[in-house]
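Inspection log for the structure reproduced underneath, given as structure tokens.
Just so it is clear, none of the values below were taken in a lab; they were calculated from the coordinates. Quick caveat, the model's predicted, so the values are computed rather than measured. For neighbour counting, all protein chains shown are included, and Cβ atoms are generated from backbone atoms with ideal geometry for every residue, glycine included.
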Amino acid sequence: MQVKRLEKRLTIAERLAIPEILKGLAFTFRIMFRKRVTRQYPEERYEAPIAAKGQPLLVENEDGTPRCVACSMCEVVCPPKAITITGGETEREIEREPEEFRIDMLRCILCGLCEEVCPKEAIVMSDRLELADFTRESLVFDKRRLLTPVSELSNRIRYTKEKYDKWHSPSS
């Protein structure tokens with residue numbers, strides 16, 4: 001017993017996929033004249049909120065010295081081990097400061113644990129989110145590149161104080 005197959009013959013328009021092309025063009029023209037929702041970067045910059053965790057920076061006091069006392073707590077708490085600190089002695093009342101402070105931004109996951117653990121508020125997560133360069137070496141930031149005046153970071157320092165003070169009991 002032979003089974004007879006029923007085959008539908010395609011029209012020329014169906015063979016050339018004309019209905020699908022027309023549907024695609026109609027969709028394109030419908031969408032093309034809508035208001036844009038994407039940011040036109042780099043002409044339109046993103047204004048990060050104060051809570052954004054961007055590039056970590058070292059706070060520099062008004063006298064030009066770093067706030068960091070090289071306690072290495074941020075180095076210990078860093079999950080990807082992106083921070084390297086070498087402490088050194090000073091002649092000032094602060095006995096230590098970092099001789100070398102490096103952050104490998106290729107390893108940094110911008111978690112903010114270094115900011116949370118710092119007892120001197122010496123490392124702060126900034127609103128700098130653009131971290132791109134052409135070589136790997138240029139993304140290992142040293143102390144000179146990380147030091148930022150306290151006046152530029154005052155809003156973030158104030159925000160972190162308010163944020164972390166909620167966990168402390170009120171002093172009597």
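Between residue 46 and residue 16, the simple spin-label model (points 7 angstrom out along Cα→Cβ) gives 4.6 nm.
A straight line joining the Cα centroids of the range 24-47 and the range 103-144 runs 33 Å. Take the Cβ-Cβ distance between residue 38 and residue 107 as r, set R0 to 35 Å, and report the resulting FRET efficiency rounded to the nearest 0.05. My answer for the efficiency is 0.70. Around the amide H of residue 147, modelled in the peptide plane, lie the amide H atoms of 58, all under 5 Å away and 5 or more residues distant in sequence or on another chain. Would the range 51-96 count as rounded, prolate or oblate if I go by the C-alpha gyration tensor, calling it rounded below 1.5 in a/c and otherwise prolate when a/b exceeds b/c, oblate otherwise? Cα axes put the range 51-96 in the oblate bin.
Give me the angle, in degrees from 0 to 90, between the Cα long axis of helix 18-32 and the longest principal axis of the Cα atoms of the chain, rounded to the nearest 10. The angle comes out at about 40 degrees. Among all the lysines, which ones have a C-alpha under 16 Å from residue 23's C-alpha, if same-chain residues fewer than 8 places away are not counted? Here the lysines satisfying the reach criterion relative to residue 23 do not exist.
Placing R0 at 45 angstrom, the Cβ-Cβ distance between residue 157 and residue 133 gives a FRET efficiency of 0.95 after rounding to 0.05.
Applied to the range 61-74, the Karplus parametrisation 6.51 cos²θ - 1.76 cosθ + 1.60 on θ = phi - 60° returns per-residue 3J(HN,Hα) values of 5, 4, 7, x, 9, x, 6, 4, 10, 6, 7, 6, 5, 5 Hz, with x for Gly and Pro.
Using just the helices of the chain, give the 222 nm mean residue ellipticity in deg cm²/dmol: DSSP H runs with n ≥ 4 each add -39,500 (n - 2.57), and the total is spread over all residues, rounded to 500.
-7000 deg cm²/dmol
Within straight-line reach of residue 81, meaning a Cα separation under 12 Å, sit the following aspartates and glutamates at least 8 residues removed in sequence or on another chain: 104.
Taking the beta-carbon count within 10 Å as an exposure proxy, list 134, 141 from fewest neighbours to most.
Details: 134 7, 141 20.
Lowest count first: 134, 141.
For the range 140-150, the Karplus equation 6.51 cos²θ - 1.76 cosθ + 1.60, evaluated at θ = phi - 60°, returns couplings of 9, 8, 9, 4, 4, 7, 8, 5, 9, x, 4 Hz by residue, with Gly and Pro reported as x. Working note: Karplus 6.51/-1.76/1.60 with θ = phi - 60° gives the range 80-87 the couplings x, 6, 8, 9, 10, 10, 10, x Hz, where Gly and Pro are set to x.
Taking amide hydrogens as placed 1.01 Å from N in the peptide plane, the amide H of residue 87 sits under 5 Å from those of 99, each at least 5 positions away in sequence or on another chain.
Where does helix 154-165 land angle-wise versus the long Cα axis of the chain, in degrees 0 to 90, nearest 10? Between the helix axis and the principal axis of the chain, the angle is about 90 degrees.
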